[in-house]
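The values are calculated or read from the model by the stated rules, or taken from the named source; none is laboratory data. Values in this document were obtained by computation on a predicted structure and should not be read as measured data. FYI the Cβ positions are ideal-geometry reconstructions off the backbone, even for glycines, and counts take in every protein chain you see.
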2 protein chains.
Amino acid sequence: MKKFYLLTPGPTPVPQDVLNEMANPIIHHRTPNFKAIFKETNELLKYVFQTTNPIITFASSGTGAMEASVVNTLSKGDKAIVIIGGKFGERFMEICKAYGVEVIEVKVNNGDAVDSLVIKDLLKKNSDVKAVFATLCETSTATLTDIKSIGEVIRDTKAILIVDAISGLGADVLKTDEWGVDMVVSGSQKGLMMPPGLAFLSVSKKAIELVEKSTLPKYYFNLKKALKTLEKDDTPWTPAVSLVIGLRKSLQMIKEEGIENVYARHAKMSEATREACKAMGLTLLSSSPSNAVTAAWSPQGISGKEIVKFCRDKHEVFIAAGQGELEEKIFRVAHLGYMKKFDIIIAISAVEIALKTLGYKFQFGKGLAKAEEILSTC
Amino acid sequence: MKKFYLLTPGPTPVPQDVLNEMANPIIHHRTPNFKAIFKETNELLKYVFQTTNPIITFASSGTGAMEASVVNTLSKGDKAIVIIGGKFGERFMEICKAYGVEVIEVKVNNGDAVDSLVIKDLLKKNSDVKAVFATLCETSTATLTDIKSIGEVIRDTKAILIVDAISGLGADVLKTDEWGVDMVVSGSQKGLMMPPGLAFLSVSKKAIELVEKSTLPKYYFNLKKALKTLEKDDTPWTPAVSLVIGLRKSLQMIKEEGIENVYARHAKMSEATREACKAMGLTLLSSSPSNAVTAAWSPQGISGKEIVKFCRDKHEVFIAAGQGELEEKIFRVAHLGYMKKFDIIIAISAVEIALKTLGYKFQFGKGLAKAEEILSTC
């Protein structure tokens with residue numbers, strides 16, 4: 001019998017109600033019917049993003065919206081600060097460089113969060129910096145950045161704050177307006193409980209001032225065009241109709257649960273996963289763990305990739321290995337989106353069986369007991 | 001009771017079997033399971049594109065792949081010929097200009113196809129032209145371009161031929177390799193019977209030579225990266241997993257019917273629609289009609305938009321108005337993708353009722369009889 005469990009940091013499981021919505025006959029996008037759906041979806045997005053700013057929906061993966069945040073605000077030779085704590089910070093840097101933006105790299109060790117005072121200092125020394133790029137949850141290291149404190153040091157400068165919240169949105173607290181985040185990038189296949197294929201970008205008034213001046217070339221990701229059509233609940237190009245319709249449903253589910261409850265659920269699942277790993281004698285990678293995903297060092301002599309492969313091939317449980325230089329060294333378990341306590345129990349159980357079988361010495365059920373203890377109160 | 005009929009040139013109806021495929025639980029993209037699906041899908045795409053060239057699948061609308069064809073082959077200041085017979089030819093021109101490509105515009109009247117000798121002549125006078133952009137089916141005017149003859153005049157020059165086959169693919173004959181088309185752009189929501197959200201780009205060896213030299217900035221649509229990952233049945237960014245899985249099913253359906261039969265079915269539906277319009281006393285817009293869509297001038301005193309609105313609001317039949325300057329002047333009926341003879345009967349019947357109600361003088365059933373006569377033999 002085949003029965004699989006998806007516990008990766010994207011794609012994440014999609015609720016059956018959302019899948020059913022998308023299995024309805026396709027409708028045309030230039031109709032009152034679709035426009036009403038799109039309008040409702042955009043309002044729901046604002047609730048989840050905690051912003052009153054307009055949010056653009058692209059038919060693309062999250063990387064497309066990351067590119068949109070760069071090419072619509074900057075011009076060739078502009079200076080930007082990019083915080084790099086892993087693969088996704090690197091991606092912002094690569095996009096900036098592909099377009100001739102001068103990058104001040106702020107490198108932090110794998111698993112560590114940046115100190116906002118470093119950014120404050122850099123902004124003082126470089127008053128011509130136009131944008132600061134940060135990552136809410138650096139998925140590759142399961143690390144949370146303190147966006148609130150970065151927002152505070154940027155707020156009174158000329159620079160805008162652009163945050164990649166692709167994997168963090170809906171798991172880690174993000175108060176876009178309250179914290180002064182000018183642009184939030186996200187994607188559909190993480191906390192929003194949808195298949196991949198949609199990307200999002202919120203745009204503050206301060207960001208729009210830069211959009212007006214930006215001369216980098218763009219067409220598909222042209223934000224001015226998208227903002228103009230958004231006023232009429234429309235899109236410049238054909239939207240991914242079925243995905244937008246599914247998204248409305250998943251956002252309705254989030255609103256019904258309440259965003260604070262969604263955060264709390266993720267915090268609890270995250271805590272349970274971390275404590276279970278520790279109870280198994282494992283060490284965590286991150287000193288600033290995210291609510292979306294947990295990364296643990298694999299025990300000496302066992303490759304992280306091997307653990308992931310074992311879980312996949314023997315249990316049909318899909319967790320993730322590390323990326324790049326971390327590929328063999330860690331494994332990652334997501335607690336993200338359409339998941340609740342028993343998904344964590346499954347994940348820990350699968351990891352325990354894998355570790356034991358691969359030769360790691362510990363007592364069966366150690367992690368499970370700890371996870372259960374923490375999850376029992378929610 | 002609600003029961004609607006989608007007869008627009010994109011999105012087009014999606015077969016229930018395809019919708020069901022996409023309603024399965026989401027799987028991870030970096031798995032042997034997904035890679036096998038992606039590989040099979042790519043082979044099926046080659047069959048429909050009639051090419052042995054690699055085909056890249058983007059998570060984007062068709063416009064994204066149009067942009068990819070420009071930014072990956074050209075450099076700033078390069079010269080390109082763009083054939084402009086309507087809104088979608090214009091789009092290629094706009095993309096080129098957004099990136100500083102020098103455009104030689106070849107304007108043809110609405111509804112007319114370009115004469116390939118004009119292109120031959122221009123290429124002789126401008127031996128430094130790097131690319132010629134054409135549109136297989138110019139959806140805005142329902143007009144077919146003779147790509148074969150354009151391929152002949154380009155074949156022995158240094159220029160590459162880039163064809164927008166977004167609405168034409170699977171409806172109008174397109175022999176990519178035989179006709180020497182270096183890049184074919186397409187999208188999922190037309191002849192491929194899928195929801196919108198995927199775009200495609202095939203790449204010939206001649207095109208790859210330009211890709212190697214192109215210096216226009218790009219990141220999300222970077223073709224070199226996509227070609228490299230494609231060799232491992234992988235993608236640079238998270239693919240739109242559920243859409244790819246649906247696409248495999250719809251392409252399997254096309255292959256089962258046989259591409260020549262698919263063309264023949266579209267040709268017959270197209271002929272029936274045109275002849276029915278004529279039997280109603282209407283005049284067609286195009287002197288070179290496409291198999292994908294038919295455009296007819298609306299009768300004096302009746303706006304095309306009004307006909308479309310009547311069909312939508314009174315019949316739940318979705319046909320299309322004109323675009324831009326043609327908005328009030330024409331109406332368009334698609335015969336594209338998952339449609340067969342009785343969809344045409346529905347379309348003609350809805351148009352007849354609309355025209356009669358809006359005051360046009362003709363005999364009920366004139367168009368229907370003609371359509372039925374033509375469709376009876378298939």
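Out of (1) surrounded by fewer than 17 Cβ atoms within 10 Å (Cβ to Cβ); (2) more than 14 Å from every other protein chain (Cβ to nearest Cβ); (3) under 30 Å from A:Ala59 (Cα atoms), what's the single condition that is false for A:Glu306?
Against the list (1) surrounded by fewer than 17 Cβ atoms within 10 Å (Cβ to Cβ); (2) more than 14 Å from every other protein chain (Cβ to nearest Cβ); (3) under 30 Å from A:Ala59 (Cα atoms), A:Glu306 comes up short only on (3).
In the stretch A:17-29, which residues are over 22 Å from A:Trp237 (Cβ atoms), assigned to a helix (DSSP H, G or I) and at the interface with chain B (Cβ under 8 Å from one of its Cβ atoms)?
A:Leu19, A:Asn20
Which is at pLDDT below 95 and either in contact with a Leu (Cβ under 9 Å, 6 or more places away or on another chain) or among the acidic types (Asp, Glu) (or both), of B:Glu316, B:Glu306, B:Glu373, B:Glu325?
On the way: B:Glu316 fails: at pLDDT below 95; B:Glu306 fails: at pLDDT below 95; B:Glu373 fails: at pLDDT below 95.
After applying the criteria, what remains is B:Glu325.
Considering only residues that are assigned to a loop (DSSP other than H, G, I, E, B) and out of contact with any helix residue (DSSP H, G or I) (no Cβ under 6 Å at 6 or more places or on another chain), which ones fall in the stretch B:206-221? Give the derivation first.
Applying the first criterion (assigned to a loop (DSSP other than H, G, I, E, B)) to the stretch B:206-221 yields B:214-221.
If the condition is that a residue be assigned to a loop (DSSP other than H, G, I, E, B) and out of contact with any helix residue (DSSP H, G or I) (no Cβ under 6 Å at 6 or more places or on another chain), then B:Ser214, B:Thr215 are the ones that fit.
Taking the stretch B:82-117, which residues are in a loop (DSSP other than H, G, I, E, B), away from chain A (no Cβ under 14 Å) and either touching a residue at least 24 places away in the same chain (Cβ under 8 Å) or aromatic (Phe, Trp, Tyr) (or both)?
First, the residues of the stretch B:82-117 that are in a loop (DSSP other than H, G, I, E, B): B:85-86, B:99-101, B:108-115.
Still in the list and also away from chain A (no Cβ under 14 Å): B:85-86, B:108-115.
Within the stretch B:82-117, B:Gly85, B:Gly86, B:Val108, B:Asn109, B:Asn110, B:Gly111, B:Asp112, B:Ala113, B:Val114 qualify.
State the number of residues belonging to the stretch A:173-191 that are farther than 16 Å from A:Pro54 by Cβ and surrounded by fewer than 24 Cβ atoms within 10 Å (Cβ to Cβ).
Narrowing the stretch A:173-191 to residues farther than 16 Å from A:Pro54 by Cβ: A:173-175, A:178-180, A:187-191.
Those still in the list that are surrounded by fewer than 24 Cβ atoms within 10 Å (Cβ to Cβ) too: A:173, A:175, A:178-180.
Qualifying residue count, the stretch A:173-191: 5.
Conditions (1) aliphatic (A, V, I, L, M); (2) closer than 18 Å to B:Ser287 by Cα; (3) over 17 Å from the mean Cα position of the chain (by Cα), marked per residue:
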site	(1), (2), (3)
B:Ala113	yes, yes, no
B:Ile119	yes, no, yes
B:Thr141	no, yes, no
B:Ile162	yes, no, no
B:Gly170	no, no, no
B:Val173	yes, yes, no
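Here's the yes/no breakdown for (1) of a type in the set (Gly, Ala, Ser); (2) crowded, with 19+ Cβ neighbours inside 10 Å; (3) not in a loop (DSSP other than H, G, I, E, B):
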| position | (1), (2), (3) |
| --- | --- |
| A:Phe342 | no, no, yes |
| A:Ile346 | no, no, yes |
| A:Glu352 | no, yes, yes |
| A:Gly359 | yes, no, no |
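Do we have B:Phe331 as aromatic (Phe, Trp, Tyr) and either in a helix (DSSP H, G or I) or farther than 23 Å from B:Thr141 by Cα (or both) here? Working first, answer last.
Values: aromatic (Phe, Trp, Tyr): yes; either in a helix (DSSP H, G or I) or farther than 23 Å from B:Thr141 by Cα (or both): no.
Taking the combined requirement at face value, the residue does not satisfy it.
Mind counting the residues in the stretch B:115-161 that are surrounded by fewer than 24 Cβ atoms within 10 Å (Cβ to Cβ) and β-branched (Val, Ile, Thr)?
Selection size over the stretch B:115-161: 4.
Would you check if B:Pro13 is more than 9 Å from chain A (Cβ to nearest Cβ) and either part of a helix (DSSP H, G or I) or crowded, with 18+ Cβ neighbours inside 10 Å (or both)? So that I can check it myself, show each step before the final result.
Working: more than 9 Å from chain A (Cβ to nearest Cβ): no; either part of a helix (DSSP H, G or I) or crowded, with 18+ Cβ neighbours inside 10 Å (or both): yes.
Answer is no for this residue.
Is it true that B:Thr73 is in contact with an Asp or Glu (Cβ under 6 Å, 6 or more places away or on another chain) and of a type in the set (Ser, Thr, Tyr)? It would help to see each step written out before you state the result.
On the way: in contact with an Asp or Glu (Cβ under 6 Å, 6 or more places away or on another chain): no; of a type in the set (Ser, Thr, Tyr): yes.
Considered against the rule, which asks whether it is in contact with an Asp or Glu (Cβ under 6 Å, 6 or more places away or on another chain) and of a type in the set (Ser, Thr, Tyr), B:Thr73 comes out as no.
Identify the residue in the stretch A:180-190 that is of a type outside the set (Val, Ile, Thr) and within 14 Å of chain B (Cβ to nearest Cβ) and, among all such residues, is nearest to A:Lys79 (Cα to Cα). Lay out the reasoning, then the answer.
In the first step, residues of the stretch A:180-190 are kept if they are of a type outside the set (Val, Ile, Thr); the result is A:180, A:182-183, A:186-190.
Subset that is within 14 Å of chain B (Cβ to nearest Cβ): A:186-190.
Working: A:Ser186: 23, A:Gly187: 26, A:Ser188: 30, A:Gln189: 31, A:Lys190: 31 Å.
Here the answer is A:Ser186.
Please specify each residue of the stretch B:180-205 satisfying the condition of being among the charged types (D, E, K, R) and part of a loop (DSSP other than H, G, I, E, B). If you could, list the steps in order and put the result at the bottom.
Keep residues of the stretch B:180-205 that are among the charged types (D, E, K, R), which gives B:182, B:190, B:205.
The answer is B:Asp182, B:Lys190.
Kindly indicate whether any position in the stretch B:166-179 is modelled with pLDDT of 95 or more, of a type in the set (Phe, Trp, Tyr), part of a loop (DSSP other than H, G, I, E, B) and in contact with a strand residue (DSSP E or B) (Cβ under 9 Å, 6 or more places away or on another chain).
Let us first name the residues in the stretch B:166-179 that are modelled with pLDDT of 95 or more, namely B:166-179.
Filter once more, keeping what is of a type in the set (Phe, Trp, Tyr): B:179.
After this cut, where a residue has to be part of a loop (DSSP other than H, G, I, E, B) as well, the list is B:179.
Still in the running and in contact with a strand residue (DSSP E or B) (Cβ under 9 Å, 6 or more places away or on another chain): B:179.
Yes, that holds for at least one residue.
State all residues of the stretch B:35-79 that are on the phi > 0 side of the Ramachandran plot and not small (Gly, Ala, Ser); if no residue qualifies, say none.
B:Gln50
For the subset of the stretch A:47-71 comprising residues that are part of a helix (DSSP H, G or I) and touching a helix residue (DSSP H, G or I) at 6+ places or on another chain (Cβ under 7 Å), which member is farthest from the other protein chains (Cβ to nearest Cβ)? I'd like the intermediate steps shown before the answer.
Just the residues of the stretch A:47-71 that are part of a helix (DSSP H, G or I), to begin with: A:47-49, A:62-71.
From what is left, the residues that are touching a helix residue (DSSP H, G or I) at 6+ places or on another chain (Cβ under 7 Å) are A:47-48, A:63, A:66-68, A:70.
Details: A:Tyr47: 24, A:Val48: 20, A:Thr63: 4, A:Met66: 8, A:Glu67: 5, A:Ala68: 9, A:Val70: 8 Å.
My answer is A:Tyr47.
Give the stretch A:255-293 a look and list any residue that's surrounded by 23 or more Cβ atoms within 10 Å (Cβ to Cβ), assigned to a helix (DSSP H, G or I) and in contact (Cβ under 8 Å) with a residue 40 or more places away in the chain, or say none.
A:His266, A:Met269, A:Ser270, A:Ala272, A:Thr273, A:Ala276, A:Cys277
Looking only at the stretch A:199-221, filter to residues that are facing chain B (nearest Cβ under 8 Å) and out of contact with any Phe, Trp or Tyr (no Cβ under 6 Å at 6 or more places or on another chain); which one of those is nearest to B:Ile95 (Cα to Cα)? Outline the logic, then answer.
Filtering the stretch A:199-221 down to residues facing chain B (nearest Cβ under 8 Å) leaves A:216-221.
Next, only the ones that are out of contact with any Phe, Trp or Tyr (no Cβ under 6 Å at 6 or more places or on another chain) stay: A:218-221.
Numbers: A:Lys218: 8, A:Tyr219: 6, A:Tyr220: 9, A:Phe221: 11 Å.
In this case the residue turns out to be A:Tyr219.
Please tell me if A:Tyr338 is outside any loop (DSSP other than H, G, I, E, B), among the aromatic types (Phe, Trp, Tyr), surrounded by 17 or more Cβ atoms within 10 Å (Cβ to Cβ) and not assigned by TED's automatic domain parsing to the domain that holds A:Lys190.
On the way: outside any loop (DSSP other than H, G, I, E, B): no; among the aromatic types (Phe, Trp, Tyr): yes; surrounded by 17 or more Cβ atoms within 10 Å (Cβ to Cβ): yes; not assigned by TED's automatic domain parsing to the domain that holds A:Lys190: yes.
No, not satisfied.
What are the pairs with Cβ atoms under 8 angstrom where one residue, in the stretch B:359-378, is under 15 Å from B:Ile346 (Cβ atoms) and the other, located anywhere, is modelled with pLDDT of 95 or more and not in a helix (DSSP H, G or I)? Sequence gap at least six, or different chains.
B:Gly367/B:Met280
From the list A:Glu373, A:Glu325, which one is of a type in the set (Asp, Glu) and more than 22 Å from B:His28 (Cβ to Cβ)?
Working: A:Glu325 fails: more than 22 Å from B:His28 (Cβ to Cβ).
That would be A:Glu373, the only listed residue that is of a type in the set (Asp, Glu) and more than 22 Å from B:His28 (Cβ to Cβ).
Does the stretch B:30-46 hold any residues that are touching an Asp or Glu at 6+ places or on another chain (Cβ under 8 Å) and within 14 Å of chain A (Cβ to nearest Cβ), and which are they? Full working, then the answer.
First, the residues of the stretch B:30-46 that are touching an Asp or Glu at 6+ places or on another chain (Cβ under 8 Å): B:30, B:35-36, B:38-39, B:42.
Result: B:Arg30, B:Lys35, B:Phe38.
Within the stretch B:222-254, how many residues turn out to be away from chain A (no Cβ under 14 Å), out of contact with any Leu (no Cβ under 6 Å at 6 or more places or on another chain), part of a helix (DSSP H, G or I) and in contact (Cβ under 8 Å) with a residue 12 or more places away in the chain? Can you show your working first?
If we filter the stretch B:222-254 for residues that are away from chain A (no Cβ under 14 Å), which is where we start, we get B:227-228, B:230-233, B:248, B:251-254.
Then drop every residue that is not out of contact with any Leu (no Cβ under 6 Å at 6 or more places or on another chain), which leaves B:227-228, B:230-233, B:248, B:252-254.
In the following step, the residues that additionally are part of a helix (DSSP H, G or I) were identified as B:227-228, B:230, B:248, B:252-254.
Next, only the ones that are in contact (Cβ under 8 Å) with a residue 12 or more places away in the chain stay: B:227, B:230, B:248, B:252-254.
Within the stretch B:222-254, residues that are away from chain A (no Cβ under 14 Å), out of contact with any Leu (no Cβ under 6 Å at 6 or more places or on another chain), part of a helix (DSSP H, G or I) and in contact (Cβ under 8 Å) with a residue 12 or more places away in the chain number 6.
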